[in-house]
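Here's the structure, in structure tokens; my notes come after.
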Amino acid sequence: MSARKPARAVKDVVEAAAGKVADVLTPDAPGAPGSAPPPVAEPTTPHGPLPPKGEQGAPDTRSPTGAPTGAPTTANGQQGAYLTTSQGARLRDTDHSLKAGPRGPILLQDHHFREKITHFDHERIPERVVHARGTGAHGVFVGYGTAEPITRAGFLARGRETEVFVRFSTVLGSRGSADTVRDTRGFATKFYTDEGTFDLVANNMPVFFIQDAIKFPDIIHAGKPHPDREIPQAQSAHDTFWDFVSLHTEAQHHTMWNMSDRGIPRSYRMMEGFGVHTFRLVNAAGETVLVKFHWKPQLGVHSLTWEEAQLLGGVDPDFHRRDLYDAIEAGAYPEWELGVQVLPDTPEETFAGIDLLDPTKIVPEELAPVQPIGRLTLNRTPTNFFAETEQVAFHVGHLPPGIDVTNDPLLQGRLFSYVDTQLTRLGGPNFSQIPVNRPHAPVNDMLRDGFHQQAVHAGVAPYRPNSLDGGNPFPAGDAEGAFVDVPVTVAQAPKARANPASFDDHFSQVRLFWLSMSAVEREHIVRAYTFELGKCYHQAIRERQLACLANVDPVLCAQVAAGLGLPAPEPTVPLADVAPSPALSQVGREWPADGRTVGIVVDPDAGVDGVGQVQRAVIAAGMVPLLIAPHGGTVGGLPVQRTFATGRSVEFDALLVAGAPAPAPDALPARDAKAGAPGPAAVDPRVLLLVQECWRHAKAIGAWGPGVAVLESAGVVGTPGVVAGDSGDDALAAVQRLLAAHRVWERFPASLA
Ligand code: HDE
């Protein structure tokens, strides 16, 4: 774990500098906007922009051609104390347009008015056609040196530090859609290496729906909202998606991953990442291996329950975004190890009978272990969402010397698509000069002019060969670290619109995945298929998908069929005889609980003895305590972060109950429907609902002192994962132990072996 930063220190400095601040305490929980608490009265003393918050970072200040400028990152932001035009002329008034008298028409000569409105009119750019909804963060990657024998890529050298920017995303939803929908997640990393930028544009699932890039518009058109009504938003539970995947059966493997718990991650911090395609590495001697890239999260792979995901869609649609930023702000820096499965580079490009060019197949880790080659730490949130997260432009063709592509037909198509889409999305060919996209290696290309050109190129000869610019730029050789196009032999073959025959197996690895799941994970998969197909209108589509499931597993097929009220069909291909891959299951191991949120219910009437100590212990354990009370403000001097009205169980990973609060004055169903939860009149019904929901979602629950009475009223005492401690410290220690397993799985008895 990297060093934690003192959360308040930055705020304190800024407060001192800014002079007057409100005397109301700002709750010391992550997420407060701005680097200083605002005063109640509008500020009147001019001063420059406040600095960014302590956890915020920004792109390195580089010239458009990669030269370090040495300027602080704030040099890219607004300057000075006074309002100006975009040209720096100071302005007297921005609240009134220039009119022919107070009641007269606006004058065309009002430049400030026209500039302000015109710029506003053009603030929006097209969102990404896929992966529109995303969240970014800055960080650092450190190489272990273990990859040095297989690649010449310098950033993987032992101890070498490289700055990175990572963007996580969903695929189907629009930019404003909810974070917790069932979907694949993007996990794209930009490594600013000194040999050129490397983009590892990965997903949280190791396979893809299609084997050939030419099918990408088809799967995406099927997954996006229906063209007539533009519903449903950001989900696959609709007829066009299932119509396509049941007909185009190579999609079945990826679809099963989406229906599994991987489709609803608990957090971006708790996802694996996969490069999906096979890549080719080349070392200094020109020797090659094939690899598959993996990101392994330090916190393990964990998911929401489906009900949590649905509730969060309303309670906190920004749940994953908030979780990532709050964790970084709290100093719980998310970490992943980058690993590779190393596979021999044979002419057949297969391993253990698996075609390595087929992106619908994995290589089980039991056959080829993932070997760690470096560590990624995300330690800074962006300063400006648009400038960084929205404008970042990844490309699978951004490769440093030592990493090369293979002929995977999906990867080949991607090599075309990314620049093409960015030309429209970012408004011209110069998007690599946007600060977040600027390389950290010197750029000496012959690309010139175009919209938004920011470089001021000298010279007269942007062509080769030339003598007028002294021959510059010169091609590099091996000694100068030139990119290596590995001279792979391309087999002589007739041109064809066809896949290799080895791509025809669409079901064996779907079965492998199903057989690798624990019983509770299988229950979730059955539930997901039944829900999604139940949302389709057309029976033919359900029947067709059931026919696919019959080729995967008879139990799965029968269970989903029963839920849909349909007969289970017989398989049309023999069931594959495959060995499970235990590495695919999320259940059964223990992980650190860094950055988890712990709700603490207090009763102001009973006092908050020991609560402050528990809060400090939660922080010391790397987690985030959130105090839940009947009203806002403070209780016993402790700032309240959630009230019974604003809080909901889905925001917490675990719950501690320190008191048994009587119904608060606003515990009226007419004010807050949650107050309609049944229970004894002695306890606020919303607290009982909180406990019952946490119990239902198999979360750890602890109580001490009068709080134990709440657990009794909720009827959960004596059940697995519910702890009545002698003290707050006791209860917290027990809850923390339970959190290591993510959930109290015993509360989810499974019917499927
Ligand atoms: Fe992408 N993909 N993709 N994709 N993809 C885009 O590029 C595309 C695929 C992935 O946070 C687009 O700038 C094609 C696989 C991520 O900015 C676009 C095919 C994988 C992101 C595009 C694929 C990915 C994108 C949309 C089939 C996992 C978000 C906006 C051959 C290995 C990057 C943009 C970000 C974004 C095309 C398949 C990952 C249209 C044609 C497989 C994480 O260019």
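Observations
- In segment 242-258, of all residues being of a type in the set (S, T, N, Q) and out of contact with any Lys or Arg (no Cβ under 7 Å at 6 or more places or on another chain), the one that is surrounded by the fewest Cβ atoms within 10 Å (Cβ to Cβ) corresponds to THR249.
- Conditions (1) more than 16 Å from the ligand (Cβ to nearest atom); (2) free of Cβ contacts under 8 Å to residues at least 60 places away in the same chain; (3) open to solvent by less than 20 Å² (accessible area, probe 1.4 Å); number of the one not met by GLN422: (1)
- Matching residues, segment 188-199, being within 14 Å of the ligand (Cβ to nearest atom) and either open to solvent by 10 Å² or more (accessible area, probe 1.4 Å) or more than 20 Å from GLY481 (Cβ to Cβ) (or both): ALA188, THR189, THR197
- Condition met for SER581 (touching a residue at least 24 places away in the same chain (Cβ under 8 Å), in contact with a Ser or Thr (Cβ under 7 Å, 6 or more places away or on another chain) and under 30 Å from THR288 (Cβ atoms)): yes
- Matching residues in segment 338-359 - criterion: being open to solvent by less than 30 Å² (accessible area, probe 1.4 Å) and either under 18 Å from PHE208 (Cα atoms) or in a strand (DSSP E or B) (or both): LEU338, GLY339, VAL340, GLN341, LEU343, ILE354, ASP355, LEU356, LEU357, ASP358, PRO359
- Here ILE362 passes the criteria (1) surrounded by fewer than 19 Cβ atoms within 10 Å (Cβ to Cβ); (2) within 16 Å of the ligand (Cβ to nearest atom) except the one numbered (1).
- Count of segment 365-380 residues which are away from the ligand (no atom under 16 Å from the Cβ) and open to solvent by less than 60 Å² (accessible area, probe 1.4 Å): 8
- Residue count for segment 580-601 under the criterion of being out of contact with any helix residue (DSSP H, G or I) (no Cβ under 6 Å at 6 or more places or on another chain), crowded, with 20+ Cβ neighbours inside 10 Å and hydrophobic (A, V, I, L, M, F, W, C): the result is 1.
- Residue count for segment 177-187 under the criterion of being within 9 Å of the ligand (Cβ to nearest atom) and under 19 Å from ARG322 (Cβ atoms): the result is 3.
- Residue in segment 138-149 that is touching a residue at least 12 places away in the same chain (Cβ under 8 Å), more than 16 Å from the ligand (Cβ to nearest atom), open to solvent by 10 Å² or more (accessible area, probe 1.4 Å) and within 23 Å of the chain's Cα centre (by Cα) present: yes
- Selected residue [modelled with pLDDT under 95, open to solvent by 20 Å² or more (accessible area, probe 1.4 Å) and not in a helix (DSSP H, G or I)] from PRO720, PRO749, PRO663: PRO749
- ALA153 over 25 Å from TRP306 (Cα atoms) and surrounded by fewer than 24 Cβ atoms within 10 Å (Cβ to Cβ): no
- Screening GLN233, GLN298, GLN252 for residues that are touching a residue at least 24 places away in the same chain (Cβ under 8 Å), touching a strand residue (DSSP E or B) at 6+ places or on another chain (Cβ under 6 Å), of a type outside the set (A, V, I, L, M) and over 30 Å from THR643 (Cα atoms) leaves exactly one candidate, GLN298.
- Note on segment 394-419: residues that are without any contact (Cβ under 8 Å) to a residue 60 or more places away in the chain and either surrounded by 19 or more Cβ atoms within 10 Å (Cβ to Cβ) or hydroxyl-bearing (Ser, Thr, Tyr) (or both) amount to 0.
- Options ILE214, ILE210; residue that is within 9 Å of the ligand (Cβ to nearest atom) and open to solvent by 10 Å² or more (accessible area, probe 1.4 Å): ILE214
- Within segment 452-498, being under 22 Å from ILE403 (Cα atoms) and surrounded by 13 or more Cβ atoms within 10 Å (Cβ to Cβ) holds for GLY481, PHE483, VAL484, VAL486, VAL488.
- Residues within segment 225-241 that are surrounded by 21 or more Cβ atoms within 10 Å (Cβ to Cβ), out of contact with any Phe, Trp or Tyr (no Cβ under 9 Å at 6 or more places or on another chain) and either outside any loop (DSSP other than H, G, I, E, B) or on the phi < 0 side of the Ramachandran plot (or both), tallied: 1
- Subset of segment 599-657 [under 23 Å from PRO685 (Cα atoms), under 26 Å from the mean Cα position of the chain (by Cα) and assigned to a loop (DSSP other than H, G, I, E, B)]: GLN641, THR646, GLY647, ARG648, PHE652, ASP653
- Of the criteria (1) among the small types (Gly, Ala, Ser); (2) assigned to a helix (DSSP H, G or I); (3) buried (at least 19 other Cβ atoms within 10 Å of the Cβ), which one ALA733 fails: (3)
- Top-ranked residue of segment 381-408 - restricted to ones that are more than 19 Å from HIS131 (Cβ to Cβ) and in contact with a helix residue (DSSP H, G or I) (Cβ under 6 Å, 6 or more places away or on another chain), ranked as farthest from the ligand (Cβ to nearest atom): THR381
- Among the criteria (1) assigned to a helix (DSSP H, G or I); (2) touching a strand residue (DSSP E or B) at 6+ places or on another chain (Cβ under 8 Å); (3) more than 16 Å from the ligand (Cβ to nearest atom), the one VAL486 does not fulfil is (1).
- Annotation: of all residues in segment 531-543 being open to solvent by less than 30 Å² (accessible area, probe 1.4 Å) and assigned to a helix (DSSP H, G or I), the one that is farthest from ALA583 (Cα to Cα) is ILE541.
- Enumeration of residues in segment 687-714 that are touching a helix residue (DSSP H, G or I) at 6+ places or on another chain (Cβ under 8 Å) and open to solvent by 10 Å² or more (accessible area, probe 1.4 Å): LEU689, LEU690, GLN692, TRP695, ARG696, TRP704, GLY705, PRO706, SER713, ALA714
The values are calculated or read from the model by the stated rules, or taken from the named source; none is laboratory data. Please read these numbers as outputs of a predicted model, since none were measured by experiment. Using ideal geometry, Cβ is built from the backbone for each residue, glycine included, and neighbour counts are taken over all protein chains shown. The protein model used for the area step is the full one, side chains on, heavy atoms only, and it has no ligands, DNA or RNA in it. Shrake-Rupley method; radii C 1.70, N 1.55, O 1.52, S 1.80 Å.
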